[in-house]
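The values are calculated or read from the model by the stated rules, or taken from the named source; none is laboratory data. Here the structure is a predicted model, which means the values were calculated and not measured. Neighbour counts run over all protein chains shown; Cβ positions are idealised from the backbone, glycine included.
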């Protein structure tokens, strides 16, 4: 009897999981349809308004000598009224600071630095002689969150945008991601789409040609990012319940972040933790606010191309998720929790945090039960079809949604490769990912210290301008 | 063992799900394929469209006469042509704009635009309103003005723009309407109404809200809307106009809005009176305004502000001090050093480094 109940529970779990994905897909499709209608007016050459809020772009960097130049160049070319770029060198052991000094003509600058959030010691502040909007903070190593806090301390403007040092922003990204702040006074944070830059042609800090990576790991991640951003973020955003804004590209109201104490330094997933904390804090106080996802502005980032780096990244992400959720149990089913507390948080706990455990147990259990004769071949097939088949359907739906709305990968070859990736992703890659996330869960339970993740940078998608 | 067995799933269930999954995947792949075919079919049409219309539009914008016989405009090309035409129209000024408007009228875009004003999709209505500002005539203005009362906060900006482009004499009525609304996106307003900022600004100035017997602001809210609107329209008003809002003891938002509009004629005493304001944003604007006035009498006030607790106040005060006529960097640094405030000194050094361009 127990075997029977467990098997049906597993099937039910996957049905619920894919049901939610389907619902998010429909919400995302509705939002994309609306955005399509706005495209003609957005493409008209109306100049920037002088009343656009100025933005500080913060770029934390640790051992980023291969990619930092292209990132800063892309940021300096952004089409936006008033903005500054602050690179925070977090005690890099490579030549990150030297590369910046040489490329951008940095000189020590006697900046009046104000400590609003405590951070590791700042060794020096540099300013570019060629680009007055560029400053570099050189500080002792303290992690990504600590670097972002130092960037907030040094920033001058009411909004700040966190950008990863291995990322490239499209020229109009900042202008688009800031729009919700103009429309809704209660807007506290917005995030944009992240896409994999591997395989793309980037020159002089600008994206010249979009191409799919040849590396299979990177190709599968292209598919994964596409699904995560188009379905997940867009769907949750439509009900103001987005619990994650990627650290690679997100804009925050500085005062709100300072009110909640800045980025938490003893956590790995500082980006998610901050967003959950903002929800928790503002909901507890009963303050009106909005956190929104804008699908159009794109940030291109380099994703891991080898199994080991990818594994480490996923373990780190799962630990970050665990820390973020566990620091804010108070939001779950709280009186003022709304969609974040009553729907998004439980979803995160059930399907993202405990998901790997249930998923892997599901595969192991049903395989064993079939092998041991507890369930028939039909029942086992039914389980696989629900667990894997529906996943394929949703992934292909992601490709369709992308081709219909953004057409970033327009050739037949690219389309076929994406469909292939959508299928293959569900036949091994997703299960492997679940295993890595389970390891992350275990490590979180063991409470091991967190730090910057080591990412093998290739930077081979960049060429000098 | 038999009682542990799960009731068997009928084979038909598994097969049905398998076929459904496969069917859905194939259906989506087919949709992808059709999408691709549709785009392939569209591409030469778009190329032909661009080849036919772009040279004509660019030529007319550059000064060519309108050709006597214009190409035939197919029904499916009307909306894309309107968008293309509008793209170009918004990037040119003066005679090029007039010529493009004439071409638009000759192509019959006016009737299309008037029809699209009734579209149920707001972005289409906005595009139509932007175009109508160049294509329409006097008879379009009354309906546009009549729509103001029921329009949403974004549509109202497009309506005002179109109406004022066609008839600047409507500026007082439009200004009255904008003043009555509290839901406007000022950044968008600043952007969209820039071409009609002249008449609208004049009309706005004539609509100064009432003052009381002491020549101070009678009611805060109307003044606040008035000043913010003026700021969004980049108006520069004399001190005499702003003075009622600069009386001490008023709402900080009001003082702030008035100081933002202040463009630096004499009047440092009125501005300096707010140097000790409890709101740091007001103090920032005081420092900025004193720097713009450039009066030597402002030095003691600015020296006080450069030791402020707020970073932005210190920054703007240091900038103002270093910009005052007759104030050499050495003199300013020595005066700041005399205050004994190390934050003030480091701020002055930072601003000096910025201004000298050495870093």
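Data overview
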{"item": "Residue satisfying condition, being more than 20 Å from the chain's Cα centre (by Cα) and surrounded by 22 or more Cβ atoms within 10 Å (Cβ to Cβ), within set A:135, A:227, A:156", "result": "A:135"}
{"item": "Residue selected from the range B:70-79 under the condition assigned to a helix (DSSP H, G or I) and surrounded by fewer than 16 Cβ atoms within 10 Å (Cβ to Cβ), by the criterion farthest from the other protein chains (Cβ to nearest Cβ)", "result": "B:75"}
{"item": "Hits in the range A:245-261 (condition: under 18 Å from residue A:191 (Cβ atoms) and in a loop (DSSP other than H, G, I, E, B))", "result": "A:245, A:246, A:247, A:248, A:260"}
{"item": "Hey, residue A:53 surrounded by 15 or more Cβ atoms within 10 Å (Cβ to Cβ), touching a helix residue (DSSP H, G or I) at 6+ places or on another chain (Cβ under 9 Å), in a helix (DSSP H, G or I) and within 14 Å of chain B (Cβ to nearest Cβ) or not", "result": "no"}
{"item": "One residue from A:27, A:58 being part of a helix (DSSP H, G or I), within 26 Å of residue A:187 (Cβ to Cβ), touching a helix residue (DSSP H, G or I) at 6+ places or on another chain (Cβ under 7 Å) and away from chain B (no Cβ under 11 Å)", "result": "A:27"}
{"item": "Residue in the range B:92-99 that is closer than 15 Å to residue B:62 by Cα, free of Cβ contacts under 8 Å to residues at least 60 places away in the same chain and part of a loop (DSSP other than H, G, I, E, B) present", "result": "yes"}
{"item": "Test: residue in the range A:236-244 that is part of a helix (DSSP H, G or I) and at pLDDT 90 or above", "result": "yes"}
{"item": "Qualifying residue in the range B:194-217 (condition: in a loop (DSSP other than H, G, I, E, B) and either within 24 Å of residue A:52 (Cβ to Cβ) or in contact with a strand residue (DSSP E or B) (Cβ under 7 Å, 6 or more places away or on another chain) (or both))", "result": "no"}
{"item": "Some residue of the range B:26-43 being more than 13 Å from chain A (Cβ to nearest Cβ), out of contact with any helix residue (DSSP H, G or I) (no Cβ under 8 Å at 6 or more places or on another chain) and within 22 Å of residue A:43 (Cβ to Cβ)", "result": "no"}
{"item": "Residue list for the range B:167-187, filter: within 14 Å of chain A (Cβ to nearest Cβ) and in contact with a helix residue (DSSP H, G or I) (Cβ under 6 Å, 6 or more places away or on another chain)", "result": "B:185, B:186, B:187"}
{"item": "Qualifying residue in the range A:303-312 (condition: crowded, with 24+ Cβ neighbours inside 10 Å and either under 18 Å from the mean Cα position of the chain (by Cα) or touching a residue at least 40 places away in the same chain (Cβ under 8 Å) (or both))", "result": "yes"}
{"item": "Test set (1) at pLDDT below 90; (2) part of a helix (DSSP H, G or I) - residue A:220 fails condition number", "result": "(1)"}
{"item": "Subset tally (residues that are within 14 Å of chain A (Cβ to nearest Cβ) and either assigned to a helix (DSSP H, G or I) or surrounded by 21 or more Cβ atoms within 10 Å (Cβ to Cβ) (or both)) for the range B:234-255", "result": "1"}
{"item": "Count - residues of the range B:294-315 that are in a helix (DSSP H, G or I) and buried (at least 21 other Cβ atoms within 10 Å of the Cβ)", "result": "7"}
{"item": "Within the range A:144-216, strands (runs of 3 or more DSSP E) holding 1 or more residues that are without any contact (Cβ under 8 Å) to a residue 24 or more places away in the chain", "result": "A:206-209"}
{"item": "Count - residues of the range A:92-121 that are away from chain B (no Cβ under 14 Å), crowded, with 20+ Cβ neighbours inside 10 Å and part of a loop (DSSP other than H, G, I, E, B)", "result": "2"}
{"item": "Filter pass, residue B:318 being modelled with pLDDT under 90, buried (at least 17 other Cβ atoms within 10 Å of the Cβ) and within 19 Å of residue A:113 (Cα to Cα)", "result": "no"}
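So that you can scan it fast, the table gives a plain yes or no per residue for (1) within 16 Å of residue A:75 (Cα to Cα); (2) out of contact with any helix residue (DSSP H, G or I) (no Cβ under 7 Å at 6 or more places or on another chain):
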| residue | (1), (2) |
| --- | --- |
| A:140 | no, yes |
| A:143 | no, yes |
| A:172 | yes, yes |
| A:175 | yes, yes |
| A:189 | no, no |
